[in-house]
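A.B. asks: Take this structure, written in structure tokens, and hold onto it; I'll ask about it next.
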Amino acid sequence: MLDADDEAEPETGPLRRCVVTRERLPKERMIRFSIGPEREIIPDLAARLPGRGIWLSASADVVVSGGVGDEAFRRLTRGFAKAARGSVTVPTNLRDMLEAALRRRISDTLGLARRAGQAVAGFEKARELVRSGRSRLLVHASDGSLAERARVLSGCGDAVVVIDPLPGQALGRIFARDHVVHVAVSPGRLADTLAIDAGRLAGLVGRPIGLDGRNAARMNEEVGATGKA
């Protein structure tokens, strides 16, 4: 199914080659695809479908939505077709589909973490979990205040990873509330999955993944100087 260059590289190890850019990247920063029975492109976010996969960088410059007249979309289609050794059907709304699918995965994973007792919501609970060293992953509402993000991170150290893939209303539905801004997740497989999927989503939408502990103090200073949240 794949071209000679890809056949020479088994689908093992930490790196994969993007069929569009030809760049080798960690698989956590990429998205796997498979070819369906009707030669349609099928996203495989869990990387579990059988057969040799086709990999793309999780980047807004690579995974595009468009039409036949769009050069970036033609480049994407050519990459798929070369890897699949034949024509394939690529959805014109591919990036939109992937963004929606990643948000569903993130919601589902957060729900699993909540039910397993590995995720807590609310400013005080989240801050306490992080300050105690029992969490290094914070999920913040994408529409939450930047000042609040900085305050909950203040004094928590540099190793905290912050993701902001969902708005407060969506986070609230996961925790049976109207609105949630802060969620802390305990270390483990679910936290790792959340960080990877949020990073892929951030790459697709073309923006930074969020605010981390290294710049929380600077953000606090800027907010204090401007008076803006």
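The values are calculated or read from the model by the stated rules, or taken from the named source; none is laboratory data. Computed from a prediction, not measured in an experiment: that's the story for all the values here. For neighbour counting, all protein chains shown are included, and Cβ atoms are generated from backbone atoms with ideal geometry for every residue, glycine included. All accessible areas refer to the heavy atoms of the entire protein, side chains included, with ligands and DNA or RNA removed. Shrake-Rupley method; radii C 1.70, N 1.55, O 1.52, S 1.80 Å.
A.B. asks: Tell me which of Pro91, Ser107, Ser65 sits at the most positive position along the dipole axis of the stretch 56-115, charges placed on C-beta atoms (Lys, Arg +1; Asp, Glu -1).
C.D. replies: The residue sitting most towards the positive pole is Ser107.
A.B. asks: Additional query: For the pair Arg39 and Asp143, how long in nm is the line joining their label points, each one 7 Å along Cα→Cβ?
C.D. replies: About 4.3 nm, to one decimal.
A.B. asks: Tell me, what is the per residue accessible area of the stretch 75-125 in Å², probe radius 1.4 Å?
C.D. replies: Counting only protein heavy atoms, the per-residue value for the stretch 75-125 is 53 Å².
A.B. asks: Assuming 0.36 nm per residue, please report the length gained on full extension of the stretch Arg52 to Thr21 beyond their Cα-Cα distance. Write out the running numbers ahead of the final one.
C.D. replies: Working: separation 31, 0.36 × 31 = 11.16 nm, distance 1.86 nm.
Taking 0.36 nm per residue and subtracting the Cα distance, the gain is 9.3 nm.
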